[in-house]
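Comments concern the structure below.
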Amino acid sequence: MALRRADMGEFFAEFIRFTITLGFFYWLLLHGPVIGKAIIDSFRNIGGQAMAAGVTAPSGVLDLGFALAFKTYDSMSFTNPVVSFAGVVLALAILVILALIAASLTVQFCAAWILLYAGCVLLGFGGSRWTSEIAIQYYKTVLGIGMSLMTMILLLGVGNSILDQYFTNMSGGIQLKELTVVMVVVVILFLLVDKLPGLMAGIVSHGIGGSGIGSFGAGTAMAAGGVGIAAGTLAAPLAGAAMAKVGTGASALLSRIRAGQNLAASAIDSAQGDTAPSSPDVGGSV
């Protein structure tokens with residue numbers, strides 16, 4: 001400013017602007033964890049209040065899995081060991097996937113805690129105009145984690161209500177059909193929890209969305225799907241007679257469809273022959 005011969009008014013304006021900016025970022029540095037925690041807690045409470053009594057802790061996800069597994073264990077019968085074994089395999093597969101979902105929620109909470117109390121050092125870069133973007137990115141990341149937690153809690157609240165309804169309506173004993181339905185719901189919930197929170201966080205901060213905090217990626221998703229497929233593979237041979245009947249019914253249905261198609265084609269050809277006997281070319285082209 002001295003080299004370009006700035007006047008005193010311009011000098012004091014620049015000095016006041018620098019002092020206010022430095023003081024503001026120093027205040028953010030002192031109160032960064034408190035402000036960040038308030039942001040994350042607000043988003044978490046929004047997700048919990050939207051689901052009335054939604055799941056806001058990892059333990060709430062596992063409660064239903066353990067209850068389902070214990071109910072399956074209690075329903076085991078030595079008179080029907082094959083069905084009992086299949087039910088136990090399905091219950092364990094459901095419990096494993098629910099444990100992965102709980103682990104994802106735990107990672108989200110750990111990431112939020114570490115960012116709040118260890119990442120606040122980045123707020124010290126806010127005093128300079130060349131590094132102030134780093135301090136702003138800190139709050140963007142906090143906002144992204146808050147969005148991710150809110151989305152995950154919403155999904156877990158919806159999934160927990162559906163699973164709780166299925167669990168309440170389950171009949172006594174081991175029912176492979178009911179366990180299979182619960183298995184499908186759990187796999188769908190796992191895929192939603194794995195993908196949607198990162199997508200919502202990416203709207204605010206591309207860093208948190210691209211890093212995949214709390215997501216297991218395609219490999220783990222395929223592994224979880226493999227657990228479900230393996231459970232279904234183990235349970236399928238146990239109902240061999242029923243599956244044979246289903247296969248026979250499908251073959252019979254396919255034969256009936258083909259016979260109906262041939263009959264319809266013959267009827268069309270005969271109808272065209274009656275209406276246009278002098279136009280064999282038209283009938284032949286059709």
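In region 135-178, the residue that is surrounded by the most Cβ atoms within 10 Å (Cβ to Cβ) out of those that are over 19 Å from the mean Cα position of the chain (by Cα) and β-branched (Val, Ile, Thr) is Val142. With respect to the conditions (1) buried (at least 18 other Cβ atoms within 10 Å of the Cβ); (2) of a type outside the set (Phe, Trp, Tyr); (3) out of contact with any Pro (no Cβ under 8 Å at 6 or more places or on another chain), Val181 lacks only one, and its number is (1). Determine if region 53-62 includes at least one residue that is surrounded by 15 or more Cβ atoms within 10 Å (Cβ to Cβ) and modelled with pLDDT of 80 or more. Yes: one or more hits.
Of all residues in region 56-112, those that are over 30 Å from Ser42 (Cβ atoms) and of a type in the set (D, E, K, R) total 2. The combined condition, being in contact (Cβ under 8 Å) with a residue 12 or more places away in the chain, among the charged types (D, E, K, R), assigned to a helix (DSSP H, G or I) and over 29 Å from Tyr166 (Cβ atoms), is fulfilled by Lys37. Is it true that some residue in region 80-103 is surrounded by fewer than 20 Cβ atoms within 10 Å (Cβ to Cβ) and not in a helix (DSSP H, G or I)? Yes, that holds for at least one residue. The sole residue among Val121, Val142, Val107 that is of a type in the set (A, V, I, L, M, F, W, C) and either without any contact (Cβ under 8 Å) to a residue 60 or more places away in the chain or not in a helix (DSSP H, G or I) (or both) is Val121.
Restricting attention to region 1-23 and to residues that are touching a residue at least 12 places away in the same chain (Cβ under 8 Å) and in a helix (DSSP H, G or I), the residue that is farthest from Gln108 (Cα to Cα) turns out to be Glu14.
The values are calculated or read from the model by the stated rules, or taken from the named source; none is laboratory data. Just so we're clear, the structure is a prediction, and the values are computed from it rather than from any experiment. Every residue, glycine among them, receives a Cβ derived from its backbone with ideal geometry; neighbour counts consider all protein chains shown.
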